[in-house]
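**Student:** Got a structure here, written out as structure tokens. Questions coming.
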Amino acid sequence: MKKTILTMLAVAFATSLTFSQTVEEGIKKIYYLRIREAVEGLEKAVAAKPSDAFTIYWLGQAYLKAYTVADSKDALAKAKDIYQKALNSGVNDPWIWVGMGHVELLEGNNASAKQRFEQAITATTQTKGKNKGKEDPAILNAIGAANADGGSTQGDPGYAIEKLKRAAELDPVSPEIDLNLGVAYLKMGSDKGGEAVEAFMDATRRNPQYAAAYTRIGRIYRSQNNTEYMNEWYGKAIAADPAYGPVYLDYFNYYKDRDVNVAKEYLDKFMANSEKDCATDFFLADYLYRAGKNQESLDKVKDMENSACKDYIRIKVLYAYNYDKMGDSLKAKSYMKEFFEQAPPEKIEPSDYVFAGKLVAKFAGSEDDAIKYLDKAIELDTSGIDKIQFLGIKAAVLARAKRFDEQTNTFIQMAKLKGKVGASDYYYMTKSAIDAKNCMRADSLAKAYLAAFPDQQQAFGFTVTAAKLCDVDTSKGLAVDPINAYNTFLGKDKEKNKKTIFNNSYYLLIFYAQYAKDLDKAIAVCDTMLSLYPDPASEENKFAQTTKDQLVKAQQKKTGTGTPAKSANPPGGKSNQ
């Protein structure tokens, strides 16, 4: 009898150990983003123990990861279903409350989710003993992870940070807490990048082999286009854990638009350290597109559409990319329309809106729609560098639509994001204001350009152009001072710049002769023009001499002396009178 009991206990212990290993293995698979394998293992674990809340929670998390990372359309519904079934069957446990709250955050029901989270915290807070008043750090971490997950409009990152900081106090060992803390910081915007990096670094201090944290730091530097630091931290991730596939995928995404051959090397490494699923099929099709193998890429996505991957969300996008590259913009536009109609808003990336904006802009009269797409990309993007690039694309579309005032606003927004306004920024801001014929704005920008870069010829030119815009008929003489300053600058190399000085002088001639009625200065301007082109055979000399002769006659008639007034010919038309 005793032997029988011991045998039963041994079997029970072995079964329990196997069950525990299955759950832990599932959690590990999620970490490595081997989602299909995680789901399969955890489904078996739940089948073995259908009332174990912790296992049910992690199966739901595997489904949610399939939704947020692997773009599985029905995964969110599966997670909700398993949590709801647990609640309906009496598994009323804090882990299930947190899981259901996570689902509700992704559905946009923040109030209900927070209520579940607070309920879970209260239920797991110690009420007696030396740990009285202390919350369960694992529950706090799960709540923080839920709020850090999803798109920028989902969850409450501030609430996540509060709970994760508390979890870190209670548990000084787990690196997952700091990883989730860093993600929550990033969700608050790019200005929280420093705090995010510190959180990720703390995760590596807790566990030096925690490749996910190194990868996250590398990704931040990648978003800043800082290749040196990106390589440093991605290198640390690979050194810490060469089997961590996501770091190779990050490298692929970095190189796919820069060097498709290098991108392929990293894609191969990613696939060697990942499970074969719809995501890996998609990445291969994406590589084929980047490599210019458009028909092969199309064949691959068609195969996906005829398999278990038919609901993979981003198939439509790759159809659009390939057809656009093959010259069928109409078909590409149709596929992007389908994608926007079918994809949940949080699954649409800023780059999708940018592509759609550039695509739609190819169709005459569609500039408004194109700009709406680009504005959406700008709104959603958290990377300053990408946002500047998107704004540049928008500015080009606005130019084609001849909406130059809006283009000026866009260039100003770009300059503010850069922090330091360069000469090229001033150039584009001022030129667009001139194109808009907004003389006051152009004048202000041109003067700012000249003040910041007094050695730039274009800045002088813009001050003249802006002044002329504000004085279309020349009657006010607003361009006189800017022209004199410009001609002085050009006079440093008079031979090279004589044509521009001559043309500038024409404005002075018209103003002094017709509006200011100052014939002395008008004659002086003619003398300047003659000094630039002393050859009597040149058209410029003939014009200046003929005009001067007419002005001299008018001056003689005015003075009644029969002789011209004394005049000199300094640059800019100043008289010695």
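**Student:** Which residue pairs have Cβ atoms closer than 8 Å, lie 6 or more positions apart in sequence or on different chains, and pair a first residue in the range 92-121 that is assigned to a loop (DSSP other than H, G, I, E, B) with a second residue that is surrounded by 20 or more Cβ atoms within 10 Å (Cβ to Cβ)?
**Tutor:** Sorted first by the residue in the range 92-121, then by its partner, the pairs are Asp93/Ala86; Gly108/Gln154.
**Student:** Here's something else I'd like to know. Looking at the range 540-565, which of the residues that are surrounded by 11 or more Cβ atoms within 10 Å (Cβ to Cβ) and small (Gly, Ala, Ser) is modelled with the lowest pLDDT?
**Tutor:** This residue is Ala565.
**Student:** Quick one: which residue in Lys337, Lys331 is more than 26 Å from the chain's Cα centre (by Cα) and modelled with pLDDT of 95 or more? Full working, then the answer.
**Tutor:** On the way: Lys337 fails: more than 26 Å from the chain's Cα centre (by Cα).
Only one candidate qualifies: Lys331.
**Student:** Of all residues in the range 233-246, which are surrounded by 20 or more Cβ atoms within 10 Å (Cβ to Cβ) and under 11 Å from Ile217 (Cα atoms)?
**Tutor:** Trp233, Tyr234, Ala237, listed by residue number.
**Student:** Of the residues Ile313, Ile378, which is among the β-branched types (Val, Ile, Thr), in a helix (DSSP H, G or I), at pLDDT below 95 and in contact with a helix residue (DSSP H, G or I) (Cβ under 9 Å, 6 or more places away or on another chain)? Step through it out loud before you land on a result.
**Tutor:** Numbers: Ile313 fails: in a helix (DSSP H, G or I).
The conditions single out Ile378.
Results for (1) on the phi > 0 side of the Ramachandran plot; (2) of a type outside the set (Phe, Trp, Tyr); (3) in a helix (DSSP H, G or I); (4) surrounded by fewer than 17 Cβ atoms within 10 Å (Cβ to Cβ), shown as yes or no for each residue.
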residue: Phe339; (1), (2), (3), (4): no, no, yes, no
residue: Asp352; (1), (2), (3), (4): no, yes, yes, no
residue: Leu359; (1), (2), (3), (4): no, yes, yes, no
residue: Phe363; (1), (2), (3), (4): no, no, no, yes
residue: Ala370; (1), (2), (3), (4): no, yes, yes, no
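**Student:** Turning to a different aspect of this structure: From the residues in the range 292-310 that are part of a helix (DSSP H, G or I) and not acidic (Asp, Glu), which one is farthest from Lys362 (Cα to Cα)?
**Tutor:** Within the range 292-310, the subset part of a helix (DSSP H, G or I) is 294-305.
Filter once more, so that each one left must be not acidic (Asp, Glu): 294-295, 297-298, 300-302, 304.
On the way: Asn294: 20, Gln295: 23, Ser297: 23, Leu298: 22, Lys300: 27, Val301: 25, Lys302: 26, Met304: 29 Å.
Going through the qualifying residues, I end up with Met304.
**Student:** Another question, then. Could you tell me whether the range 215-229 includes any residue that is closer than 26 Å to Ser174 by Cα, assigned to a loop (DSSP other than H, G, I, E, B) and modelled with pLDDT of 95 or more?
**Tutor:** no
**Student:** Run Thr474 past the list (1) within 27 Å of Val525 (Cα to Cα); (2) among the polar types (S, T, N, Q); (3) in contact with a Leu (Cβ under 9 Å, 6 or more places away or on another chain) and report the number of the one that doesn't hold.
**Tutor:** (3)
**Student:** For Thr474, all conditions in the list (1) of a type outside the set (Lys, Arg); (2) closer than 25 Å to Lys431 by Cβ; (3) modelled with pLDDT under 95; (4) in a helix (DSSP H, G or I) hold save one; what is the number of the exception?
**Tutor:** Result: Thr474 passes all but (4).
One line per residue, one yes/no per condition, for (1) surrounded by 21 or more Cβ atoms within 10 Å (Cβ to Cβ); (2) more than 16 Å from Ala167 (Cα to Cα); (3) among the charged types (D, E, K, R):
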| site | (1), (2), (3) |
| --- | --- |
| Lys187 | yes, yes, yes |
| Lys192 | no, yes, yes |
| Arg206 | no, no, yes |
| Ala212 | yes, yes, no |
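**Student:** With respect to Met440, determine if the residue is over 25 Å from Ile388 (Cα atoms) and either assigned to a helix (DSSP H, G or I) or of a type in the set (S, T, N, Q) (or both). Please lay out each step first, then the result.
**Tutor:** Working: over 25 Å from Ile388 (Cα atoms): yes; either assigned to a helix (DSSP H, G or I) or of a type in the set (S, T, N, Q) (or both): yes.
Against the criterion (over 25 Å from Ile388 (Cα atoms) and either assigned to a helix (DSSP H, G or I) or of a type in the set (S, T, N, Q) (or both)), Met440 qualifies.
**Student:** I've got another one for you. Across the range 402-421, which residue is surrounded by the most Cβ atoms within 10 Å (Cβ to Cβ) among those that are assigned to a helix (DSSP H, G or I) and more than 19 Å from the chain's Cα centre (by Cα)?
**Tutor:** Thr408
**Student:** For the range 487-539, what are the residues that are surrounded by 20 or more Cβ atoms within 10 Å (Cβ to Cβ), polar (S, T, N, Q) and over 19 Å from Ala554 (Cβ atoms)?
**Tutor:** Selection gives Asn487, Asn504.
**Student:** Regarding Ile388, is this residue surrounded by 20 or more Cβ atoms within 10 Å (Cβ to Cβ) and either closer than 30 Å to Cys439 by Cβ or touching a residue at least 12 places away in the same chain (Cβ under 8 Å) (or both)? Steps first, please.
**Tutor:** Details: surrounded by 20 or more Cβ atoms within 10 Å (Cβ to Cβ): no; either closer than 30 Å to Cys439 by Cβ or touching a residue at least 12 places away in the same chain (Cβ under 8 Å) (or both): yes.
Against the criterion (surrounded by 20 or more Cβ atoms within 10 Å (Cβ to Cβ) and either closer than 30 Å to Cys439 by Cβ or touching a residue at least 12 places away in the same chain (Cβ under 8 Å) (or both)), Ile388 does not qualify.
**Student:** Taking the condition in contact with a helix residue (DSSP H, G or I) (Cβ under 7 Å, 6 or more places away or on another chain), surrounded by fewer than 19 Cβ atoms within 10 Å (Cβ to Cβ) and of a type outside the set (Gly, Ala, Ser), does Tyr255 pass?
**Tutor:** Details: in contact with a helix residue (DSSP H, G or I) (Cβ under 7 Å, 6 or more places away or on another chain): yes; surrounded by fewer than 19 Cβ atoms within 10 Å (Cβ to Cβ): yes; of a type outside the set (Gly, Ala, Ser): yes.
Yes: the conditions hold for Tyr255.
**Student:** Give just the number: which of (1) in a helix (DSSP H, G or I); (2) under 20 Å from the mean Cα position of the chain (by Cα); (3) over 20 Å from Arg36 (Cβ atoms) does Tyr289 not satisfy?
**Tutor:** Among (1) in a helix (DSSP H, G or I); (2) under 20 Å from the mean Cα position of the chain (by Cα); (3) over 20 Å from Arg36 (Cβ atoms), the lone unmet condition for Tyr289 is (2).
**Student:** Let me ask another. Return the residues of the range 92-149 that are β-branched (Val, Ile, Thr), within 30 Å of Lys73 (Cβ to Cβ) and surrounded by fewer than 23 Cβ atoms within 10 Å (Cβ to Cβ); say none if nothing qualifies. Working first, answer last.
**Tutor:** If we filter the range 92-149 for residues that are β-branched (Val, Ile, Thr), which is where we start, we get 96, 98, 103, 121-122, 124-125, 127, 139, 143.
Right, trim to within 30 Å of Lys73 (Cβ to Cβ) and you get 96, 98, 103, 139, 143.
Residue satisfying the conditions is Ile139 alone.
**Student:** Filter the range 448-470 for residues that are in contact (Cβ under 8 Å) with a residue 24 or more places away in the chain and not in a helix (DSSP H, G or I) and give the result.
**Tutor:** First, pick out the residues of the range 448-470 that are in contact (Cβ under 8 Å) with a residue 24 or more places away in the chain: 449, 452-453, 456-462, 464-470.
Phe453, Gln456, Cys470 - these are the residues of the range 448-470 that are in contact (Cβ under 8 Å) with a residue 24 or more places away in the chain and not in a helix (DSSP H, G or I).
**Student:** Restricting to the range 125-181, name every residue that is outside any helix (DSSP H, G or I) and either aromatic (Phe, Trp, Tyr) or closer than 19 Å to Thr382 by Cβ (or both). Let's see the steps before the verdict.
**Tutor:** Going residue by residue through the range 125-181, those that are outside any helix (DSSP H, G or I) are 125-136, 149-156, 171-174.
Asp149, Gly150, Gly151, Ser152, Thr153, Gln154, Gly155, Asp156 - these are the residues of the range 125-181 that are outside any helix (DSSP H, G or I) and either aromatic (Phe, Trp, Tyr) or closer than 19 Å to Thr382 by Cβ (or both).
**Student:** Can you go through Ala62, Ala45, Ala70 and tell me which one is modelled with pLDDT of 90 or more, under 16 Å from Asp277 (Cβ atoms) and not charged (D, E, K, R)? Before you say what the answer is, go through the steps one by one.
**Tutor:** Values: Ala45 fails: under 16 Å from Asp277 (Cβ atoms); Ala70 fails: modelled with pLDDT of 90 or more.
Ala62 is the lone residue from the list that is modelled with pLDDT of 90 or more, under 16 Å from Asp277 (Cβ atoms) and not charged (D, E, K, R).
**Student:** Continuing with this model, one more query. So Glu406 fits all but one of (1) at pLDDT below 95; (2) over 30 Å from Arg219 (Cα atoms); (3) among the charged types (D, E, K, R); what number is the exception?
**Tutor:** It fails just one condition, (1).
**Student:** Looking at the structure I just gave you, is Gly461 modelled with pLDDT under 95 and under 37 Å from the mean Cα position of the chain (by Cα)? If you could, list the steps in order and put the result at the bottom.
**Tutor:** On the way: modelled with pLDDT under 95: no; under 37 Å from the mean Cα position of the chain (by Cα): yes.
So Gly461 does not fit the description; no.
**Student:** For the range 233-260, which residues satisfy the criterion of being farther than 14 Å from Leu33 by Cβ and of a type in the set (Ser, Thr, Tyr)?
**Tutor:** Once the filter is applied, which keeps residues that are farther than 14 Å from Leu33 by Cβ and of a type in the set (Ser, Thr, Tyr), the range 233-260 yields Tyr234, Tyr251, Tyr254, Tyr255.
The values are calculated or read from the model by the stated rules, or taken from the named source; none is laboratory data. Only a predicted model underlies this, so the values are computations on that prediction, with no experimental measurement involved. For neighbour counting, all protein chains shown are included, and Cβ atoms are generated from backbone atoms with ideal geometry for every residue, glycine included.
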